[in-house]
Amino acid sequence: MLLQDPTFMSTISDVVLSCGDSLGALAGLNYLQNIGLKPYALSGLFTASGLLVQEVKNKISTPIFKLEDLLKPEKVVGLTLDSTKRVAA
């Protein structure tokens, strides 16, 4: 799996977890925590439902971005690439 490959992981600076529903979001966060990753944010199809977003927000502190949030630079300023973590080709 890519997330457990040290070479791949040395090339990324942040992880955004994209999920289809609230159960997937919570299970995905749990999995990432178990392998030592803390995602920068959550997004995905589940954000189309205010009820699902609220369900997830009540259980986590990770930011949740809807599609319209991802289109605003001020919302995703932390999603920049850190060139010091990239592997030289």
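Based only on other Cβ atoms within 10 Å, what is the fewest-to-most ordering of Glu55, Glu74, Glu68?
Placing the least packed residue first, the sequence is Glu74, Glu68, Glu55.
For Ser43, what residues show an amide H to amide H distance below 5 Å, using hydrogens built from the backbone and excluding near sequence neighbours?
Leu17, Ser18, Cys19, Phe65
Taking 0.36 nm per intervening residue step and subtracting the Cα-Cα distance, what contour gain separates Leu3 from Asn30 on full extension?
In short, 8.3 nm is gained.
Averaging sequence separations of C-alpha pairs under 8 Å and six or more residues apart, then dividing by the length of region 14-77, give the relative contact order as a whole percent.
32 percent
Could you give me the ³J(HN,Hα) list for region 59-76, computed from phi with Karplus coefficients 6.51, -1.76, 1.60 and θ = phi - 60°, whole Hz, x at Gly and Pro?
10, 9, 10, 5, x, 10, 10, 7, 3, 5, 5, 5, 8, 9, x, 5, 7, 10
Which value, to two decimals, describes the C-alpha radius of gyration of region 14-77 once divided by 2.2 N^0.38 Å? Please report the intermediate quantities before stating the final value.
On the way: Rg = 11.1 Å, N = 64, 2.2 N^0.38 = 10.7 Å.
That ratio works out to 1.04.
Every number in this text was worked out from the coordinates using simple rules, so none of it is lab data. The structure displayed is predicted, hence computed values, not measured ones. Note that we place each Cβ from the backbone using ideal geometry, even for glycine, and neighbour counts take in every protein chain shown.
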